[in-house]
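Working notes, beginning with the structure itself.
The values are calculated or read from the model by the stated rules, or taken from the named source; none is laboratory data. Because the structure is a prediction, the values reported are computed rather than measured. Quick reminder, even Gly has a Cβ in these numbers, built from the backbone with ideal geometry, and neighbours come from all protein chains shown.
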Amino acid sequence: MMTDAEQRALLARMERTHAETERHLAVIERQVEARAERMTTSSRVKARQSGRTSATWGRTVERDFQANVAALRFARRGEIDALSRKLARQAGAIAAFRMRHPSNEPAGESVS
């Protein structure tokens with residue numbers, strides 16, 4: 001049987017790991033969006049050099065950007081899906097731990 005201190009330490013470690021996984025997924029999303037923006041911008045520069053487009057970011061450019069984001073997310077779908085599943089497992093484990101050990105739940109906090 002674990003002491004209260006051990007239970008709190010385990011819960012804190014589980015929550016830190018969950019937060020780290022969330023940060024990793026957020027990094028991937030930022031990388032995808034930054035790369036999509038660079039791809040969109042570079043294609044616009046090439047088009048502008050040939051005189052085919054204006055300098056503003058309009059609906060067409062936004063559509064191209066979203067298409068690039070979708071393509072890059074698709075390319076990294078294995079990593080994104082694995083991290084999403086890991087987050088769900090971690091959230092479930094934290095919720096189950098809190099159900100088994102209700103005295104360790106911090107007041108007003110919950111896992112998202």
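Residues of segment 1-47 being small (G, A, S), free of Cβ contacts under 8 Å to residues at least 24 places away in the same chain and surrounded by 12 or more Cβ atoms within 10 Å (Cβ to Cβ), which ones?
A9, A12, A19, S43, A47
Within segment 32-44, can one find any residue that is part of a helix (DSSP H, G or I) and within 10 Å of the chain's Cα centre (by Cα)? Lay out the reasoning, then the answer.
First, the residues of segment 32-44 that are part of a helix (DSSP H, G or I): 32-44.
In the following step, the residues that additionally are within 10 Å of the chain's Cα centre (by Cα) were identified as none.
No, because not a single residue in segment 32-44 is part of a helix (DSSP H, G or I) and within 10 Å of the chain's Cα centre (by Cα).
Only one of G78, G58 is surrounded by fewer than 11 Cβ atoms within 10 Å (Cβ to Cβ), modelled with pLDDT of 95 or more and at negative phi. Can you tell me which?
It is G78.
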